[in-house]
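Chemist: I am attaching a structure below and will ask some questions about it afterwards.
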Amino acid sequence: MCGIIGYIGTQRAAPLIIDGLKNLEYRGYDSAGIAVLQTSELFVKKDTGKIAEVFSEKDLETIEGNIGIAHSRWATHGGVTKENSHPHLSNDGNTAVVHNGIIENYQELRKFLTENGFVFKSQTDTEVIPNLIQYFMQQGTSFMDSIKLAVKKLEGSYALAIINKNAKKLVAIRKESPLVIGVADHGYFVASDVPSFLDQTKKVVYLYENDMAVLNDKMEFFNIKDNLPVVRKIDNIEWNVEQAKKGNFEHFMLKEISEQADAIKLAISQDEKQIKEVADAIMHAKGIYFVACGTSYHACLSASYKFAKLANKHVNVALASEFPNYKDFIVPDSLVIALSQSGETADVLEAVKAAKEKGARVISLVNVVGSSLTRYSDETLMQNAGPEICVLATKSYTSQLAILTLLAYALAGKYEEGKNKLKELVNSIYYLTSTNTREHIKQLAERLRYVNHIYLIGRDLQYPTAMEAALKIKEVSYIHAEGFAGGELKHGTIALIEPGTPCIVFTSSENEKKILSNATELKARGAYIIGVGPNNNELFDFFIKVRESGEANSICQIIPIQILAYQLAILRGCDPDKPRNLAKSVTVK
Ligand code: M6R
């Protein structure tokens, strides 16, 4: 998704914001740009391509000015072109805007502005914003009041950073799109995400819905709806710059895969009282709905099996984007449990808002402190997995699974047993992420690097694992992969199995016979079978041993496939941290 960074202070803005932009690269982007306020004009440079290609070393050294905004664009409205890159300027060139989100009524506004003599240079929705500001300024309204009037006309979601050639201030506004202020000794930052400025300051102010921050030598906050001042407190970020950097690892993906044992340790040091309270809420709710997207959705599916098996509790699981279909069943006694690593996924926020309108209680499981979902929820369990920079969810997934396992045990009145079970996993996870395991899986990656399709099967708790494993392979290596319930393949997809088709089979002691019988069906059609589980078998052409751990199999068995996906990406020349077309926080619906 688009990344925003802005700076106002005593230092040169360009190196700080270009650096900040690089720290946001993980969000995914296709073009980049900056606008810096110089003595009598706005200096603008933008283009398509990587940040390092758009800005040279010379730019870093020579662009003067202490106030600036920058943007990395992930195209939504209009193709990937220089003209569509941000910042966008007003027709008079006085106001520059960077935007994350979507202006839903931009066509109407564009028509209105065109009728009033404005000319548009891009196909973006964003360009209406600086021009609306100019429109109001032309009526004699001040810069600040024009911003407020312009924003009142916008429908949709927006995080905005705005500067004007004649104003020594940086204005930031958020509505349904994340924005955070960094408070440094030498000035203020505004950014989509904390890692952007973390090497400059760990002091942050999270903006709330409809907040406007006005930054110059001080910071002031207003609510854009009623224009009244609001007080926002400074928080301290607890993780450090190193955690958000690659360290000795070549990629964030590998670093984060390797951090999973520690993430599990942190997950199980959850506040016991809070876990038990959430378990109690689940126990007494009339209708429980787990909602999420992508990998977090797979964690929800896994949870539904754990709750059924361990606590005899039925829960509904819905993709957040499909949640409107359940809306009519939501009543004030319903409980919605929303999972989101980023806490900013637009579909999840939308689902949660719909549930709240019906009076339901919302509990969320989130990794990013201060994210929007934490504010929309009645209560939040924090994952504490540390920053996850790679677009692919790895440690955040296993950390979600650990907390959900703990919750299922708590619901069954066996909290301590659950905690001990998870503690026992830690050593297995160290082993699964070790160089030995990685070397073993590398042989498999070499074998699979040129294949076009991989099928994955699992039964019970291994079924969501098969789905998640397929997603990991797809999104980073671009090999088509599909996860199925073991019993389901024979109902159609088995037609695609040819001699040599790779099929990954997740096994567990509980369902070994049944899943091996499904593997036999595949083997009979010539499939190349890769077994992942506690016991090797003559059916397997390749075997990855993962110690049996019952309900916690879901946590351990995904790890080898995360590693396989990583290695396939490397062998196929794909960038594991920044897969094409994807974004870390999907803030559009
Ligand atoms: O931040 P969230 O957990 O809400 O994100 C949900 C999905 O966008 C995310 O899991 C996505 O599927 C990842 N690319 C998975 O690796």
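Chemist: Among Gly458, Gly418, which is of a type in the set (Gly, Ala, Ser), outside the structural domain of Leu496 (by TED's automatic domain parsing) and farther than 26 Å from Ala583 by Cα?
Modeler: Gly418
Chemist: Related question: Modelled with pLDDT of 95 or more and either within 16 Å of the ligand (Cβ to nearest atom) or crowded, with 21+ Cβ neighbours inside 10 Å (or both): which single residue out of Ala346, Ala360 fits that description?
Modeler: Unique residue meeting the criteria: Ala360.
Chemist: What are the residue pairs meeting all of these: first residue in region 320-335, first residue under 22 Å from Glu379 (Cα atoms) and free of Cβ contacts under 8 Å to residues at least 60 places away in the same chain, second residue within 16 Å of the ligand (Cβ to nearest atom) and of a type in the set (Phe, Trp, Tyr), Cβ atoms under 8 Å, and 6 or more apart or on different chains?
Modeler: Ala320/Tyr297; Phe323/Tyr289; Tyr326/Tyr289; Ile330/Tyr289; Ser334/Tyr289; Leu335/Tyr289
Chemist: Could you go through region 541-563 and let me know if any residue there is under 30 Å from Arg580 (Cβ atoms) and either over 31 Å from the mean Cα position of the chain (by Cα) or basic (Lys, Arg) (or both).
Modeler: There is at least one residue in region 541-563 that is under 30 Å from Arg580 (Cβ atoms) and either over 31 Å from the mean Cα position of the chain (by Cα) or basic (Lys, Arg) (or both).
Chemist: If you take the residues in region 311-330 that are in contact with a strand residue (DSSP E or B) (Cβ under 6 Å, 6 or more places away or on another chain) and in a helix (DSSP H, G or I), which one is farthest from the ligand (Cβ to nearest atom)?
Modeler: Tyr326
Chemist: Tell me whether region 400-423 contains one or more residues that are among the small types (Gly, Ala, Ser), buried (at least 21 other Cβ atoms within 10 Å of the Cβ), within 16 Å of the ligand (Cβ to nearest atom) and part of a loop (DSSP other than H, G, I, E, B).
Modeler: No, region 400-423 contains no residue that is among the small types (Gly, Ala, Ser), buried (at least 21 other Cβ atoms within 10 Å of the Cβ), within 16 Å of the ligand (Cβ to nearest atom) and part of a loop (DSSP other than H, G, I, E, B).
Chemist: Just to check your reading of the model, which residue among Ala261, Ala281, Ala308 is crowded, with 18+ Cβ neighbours inside 10 Å and either within 16 Å of the ligand (Cβ to nearest atom) or not in a loop (DSSP other than H, G, I, E, B) (or both)?
Modeler: Ala261
Chemist: Still on this structure, please answer the following. Name every residue in region 30-83 that is among the hydroxyl-bearing types (Ser, Thr, Tyr) and under 26 Å from Pro579 (Cα atoms), in order of residue number.
Modeler: Scanning region 30-83 gives Ser31, Thr48, Ser56, Ser72, Thr76, Thr81.
Chemist: Let me ask you something else. Scan region 443-480 for residues that are under 27 Å from Phe307 (Cβ atoms), touching a residue at least 24 places away in the same chain (Cβ under 8 Å) and within 25 Å of the chain's Cα centre (by Cα) and report the count.
Modeler: 12
Chemist: Go through (1) in a helix (DSSP H, G or I); (2) out of contact with any strand residue (DSSP E or B) (no Cβ under 8 Å at 6 or more places or on another chain); (3) surrounded by fewer than 16 Cβ atoms within 10 Å (Cβ to Cβ) one by one and return the number of the condition Arg447 breaks.
Modeler: Result: Arg447 passes all but (2).
Chemist: Quick one: Tyr158 ticks every box in (1) at pLDDT below 95; (2) surrounded by fewer than 22 Cβ atoms within 10 Å (Cβ to Cβ) bar one, so which box is it?
Modeler: Condition (2) is where Tyr158 drops out.
Chemist: Mind checking which strands (runs of 3 or more DSSP E) fall wholly inside region 23-105 and carry at least 1 residues that are out of contact with any Lys or Arg (no Cβ under 7 Å at 6 or more places or on another chain) and farther than 24 Å from Phe136 by Cβ?
Modeler: Because the criterion is at least 1 residues that are out of contact with any Lys or Arg (no Cβ under 7 Å at 6 or more places or on another chain) and farther than 24 Å from Phe136 by Cβ, the strands (runs of 3 or more DSSP E) in region 23-105 that meet it are 31-38, 41-48, 67-73.
Chemist: Follow-up. What's the number of the only condition in (1) more than 18 Å from Leu149 (Cα to Cα); (2) surrounded by 21 or more Cβ atoms within 10 Å (Cβ to Cβ) that Met212 fails to meet?
Modeler: The single condition Met212 does not satisfy is (1).
Chemist: Scan region 256-276 for residues that are in contact (Cβ under 8 Å) with a residue 40 or more places away in the chain and either outside the structural domain of His314 (by TED's automatic domain parsing) or farther than 15 Å from Ser399 by Cβ (or both) and jot them down.
Modeler: Scanning region 256-276 gives Glu272, Gln274, Lys276.
Chemist: Give region 108-125 a look and list any residue that's modelled with pLDDT under 95 and either closer than 16 Å to Ile4 by Cβ or in a helix (DSSP H, G or I) (or both), or say none.
Modeler: Those that are modelled with pLDDT under 95 and either closer than 16 Å to Ile4 by Cβ or in a helix (DSSP H, G or I) (or both): Thr124, Asp125.
Condition check ((1) under 16 Å from Pro15 (Cα atoms); (2) in the same structural domain as Glu350 (by TED's automatic domain parsing); (3) surrounded by 22 or more Cβ atoms within 10 Å (Cβ to Cβ)) across all residues:
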position	(1), (2), (3)
Ile163	no, no, yes
Ala167	no, no, no
Leu170	no, no, yes
Ile173	no, no, yes
Ile181	no, no, yes
Gly187	yes, no, yes
Ala191	yes, no, yes
Val194	no, no, yes
Phe197	yes, no, yes
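Chemist: Just to check your reading of the model, which residue among Ile558, Ile570 is within 12 Å of the ligand (Cβ to nearest atom), at pLDDT 95 or above and more than 30 Å from Glu104 (Cβ to Cβ)?
Modeler: Ile558
The values are calculated or read from the model by the stated rules, or taken from the named source; none is laboratory data. Here the structure is a predicted model, which is why all the values come from computation and not from measurement. Note: ideal-geometry Cβ built from the backbone for every residue, glycine included; neighbour counts use all protein chains shown.
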